[in-house]
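Worksheet for the structure shown next.
The values are calculated or read from the model by the stated rules, or taken from the named source; none is laboratory data. This is a predicted model, so every value here is computed, not measured. Here the Cβ positions follow ideal geometry from the backbone for every residue, glycine too, while neighbour counts run over all protein chains shown.
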Amino acid sequence: MQRTELVCPGCRWEMRVSGNEKAVCDSCGCELPVYECPNCQNQGLVKIKEDGGAADAYFLCFSCGGRWAGSELERCPECYQWRPGEEFEELIICRSSVGFYVCGNCYGKIFK
């Protein structure tokens, strides 16, 4: 994939990444948090919500050009990174622990 220009969802102006891990629009002031991309591992992933709200949200990596529907990535409760849903594994520490899932990276660190 190739590098993608990040366009502000509000005014369609090109956004820039600031030093505090946010994408900032110099035109309208919109700010989006920037996360680690699950594809290229660069700090280039943003969650974009169109006018329709959360149902229309999608993820875009402006470093590698990766794009995911909002429902395709989930946030790991251990490392707080966005990962594809199929990478999660159930964390069972005792029999009473049910339904707690972490990404494969965190699962490997916990049980190494």
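For the reader, a short list of remarks on this structure follows.
- Residue in segment 27-50 that is over 28 Å from Arg12 (Cβ atoms), at pLDDT 85 or above, of a type in the set (S, T, N, Q) and out of contact with any Gly (no Cβ under 6 Å at 6 or more places or on another chain) present: yes
- Pick from segment 4-30, criterion of a type in the set (Lys, Arg) and in a strand (DSSP E or B), ranking: farthest from Gly70 (Cα to Cα): Arg16
- For segment 31-49, taking the residues that are more than 8 Å from the chain's Cα centre (by Cα) and in a strand (DSSP E or B), the one that is surrounded by the most Cβ atoms within 10 Å (Cβ to Cβ) is identified as Gly44.
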